[in-house]
Amino acid sequence: MAKPAQGAKYRGSIRDFPDFDPSQDAEALYTAMKGFGSDKEAILELITSRSNRQRQEVCQSYKSLYGKDLIADLNELDMLDIREIFRTKYEKSLYSMIKNDTSGEYKKALLKLCGGDDDAAGQFFPEAAQVAYQMWELSAVARVELKGTVRPANDFNPDADAKALRKAMKGLGTDEGTIIDIITHRSNAQRQQIRQTFKSHFGRDLMADLKSELSGDLARLILGLMMPPAHYDAKQLKKAMEGAGTDEKALIEILATRTNAEIQAINEAYKEDYHKSLEDALSSDTSGHFKRILISLATGNREEGGEDRDQAREDAQEIADTSSGDKTSLETRFMTILCTRSYPHLRRVFQEFIKMTNYDVEHTIKKEMSGDVKDAFVAIVQSVKNKPLFFADKLYKSMKGAGTDEKTLTRIMVSRSEIDLLNIRREFIEKYDKSVHQAIEGDTSGDFMKALLAICGGED
């Protein structure tokens, strides 16, 4: 059954659902609720797309087919969870939909089952907010051990690797298979040793040789893997600011997700490689509030302590008051908090924000802001909530649709390969019902695909 799009409108009771079959719907609901767990999104999609009359026919068919009361069976589900899913997808409370689209005893039964109106601030929603926040905390605990897919090779021999790489590039033709096998199965530190050994053995620059022997997407991937991480990120930032247009998405992705230590290393690498500070580069290539956000992130001065509950309430109040001041004032308040507070503290701020406003902070950002400023703040929020999921979404979008965004795909696979790519793989398959491995196989080809699959590290 198709899942409704983010922010979709439920169809309500204005028109009957075409080709309606109450027995088929009853069977679909029964299947969605039986066994371990339940497909709550499928349940919501079906219920919200049928008219009031049709829903009551489904109840009758359910009773005749299974001898059970559909309302009673729905009551066994986690209603807070369903309400949360409904609100996220339709930006309206389930209670409100029932109230407007049903009638009579059926309406009373459903309202009682629903348990509360999430549009009524402070009435029932704090329970759901608490559930949502507990899910974030559990997610953070469950994923506290971040794992990459590329690890240091056992019995590492830089001499043997240097000689094998030279042989693969010497003479007519290039042995791409050997290059891929060695480069993708060594850690970055080991690759740097290979570079030094290659230079001392052959008096040649390994990077220059690889650049002359490889081309296209494979060359960008292999050369990216060969660069120290901070220098690779610095190069990606430089490329994002080169030429006529600016790749704002790349700037946001890197600066909104790196740790203080990583940001400081990037600043040093940028200065060393391009003889200009990263801050000066950002200042000359971006403008307005977006520039201020990027420069704030590029300082690498985010607090690193735990949460302060009293301060979290004050911070939440500061950004919850969207009515006071102008848009610039609101963006400044968001920037001060989102760009400087620690991740654990921000998670607490987000919980307090939901309790105060009845909205997730991400929803408010999307409603109140626009353009690059909105994108930057959303990226920070998503990274705070679940960084591997943030990157899983980016990977999915890079391979979705007719064309492939090879730059984003390569950048994420290279930069996260030793940090959390295994965690990203898990988030990807959990959200999209397909593995990163399958996505790469379906969207890329040739040696580029082989190298990406090697970095991916396996099928889930």
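The values are calculated or read from the model by the stated rules, or taken from the named source; none is laboratory data. Bear in mind the structure is a predicted one, so any value in this text is a computation, not a measurement. Neighbour counts are summed over all protein chains in view; Cβ atoms, including those assigned to glycine, are modelled from backbone coordinates with ideal geometry.
Scan segment 270-280 and tell me whether some residue there is closer than 22 Å to residue 412 by Cβ and touching a Phe, Trp or Tyr at 6+ places or on another chain (Cβ under 7 Å). Yes: segment 270-280 contains one or more residues that are closer than 22 Å to residue 412 by Cβ and touching a Phe, Trp or Tyr at 6+ places or on another chain (Cβ under 7 Å). Scanning segment 331-363 for residues that are in contact with a helix residue (DSSP H, G or I) (Cβ under 7 Å, 6 or more places away or on another chain), of a type in the set (S, T, N, Q) and either part of a helix (DSSP H, G or I) or within 22 Å of residue 305 (Cβ to Cβ) (or both) turns up 351, 357.
Flag set for residue 418, criterion: over 30 Å from residue 314 (Cα atoms), acidic (Asp, Glu) and in contact with a Lys or Arg (Cβ under 8 Å, 6 or more places away or on another chain).
Restricting the first member to segment 403-418 and to residues that are in the same structural domain as residue 457 (by TED's automatic domain parsing), and the second to residues that are assigned to a helix (DSSP H, G or I) and of a type in the set (Gly, Ala, Ser), the beta-carbon pairs closer than 6 Å and six or more apart or on different chains are 405/398; 408/398; 409/398; 414/224.
Going through (1) surrounded by fewer than 19 Cβ atoms within 10 Å (Cβ to Cβ); (2) β-branched (Val, Ile, Thr); (3) within 29 Å of residue 83 (Cβ to Cβ) one by one, residue 354 falls short only on (1).
Checking each residue in segment 258-306 for being assigned to a loop (DSSP other than H, G, I, E, B) and closer than 24 Å to residue 391 by Cβ picks out 258, 259, 286, 299, 300, 301, 302, 303, 304. Residue 307 meets all of the listed conditions (1) at pLDDT below 90; (2) under 21 Å from the mean Cα position of the chain (by Cα) but one, namely (2). Looking across segment 211-248, just one residue is charged (D, E, K, R), over 24 Å from the mean Cα position of the chain (by Cα), in a helix (DSSP H, G or I) and surrounded by fewer than 17 Cβ atoms within 10 Å (Cβ to Cβ), and that is 211.
Looking across segment 249-272, just one residue is β-branched (Val, Ile, Thr) and surrounded by fewer than 18 Cβ atoms within 10 Å (Cβ to Cβ), and that is 259.
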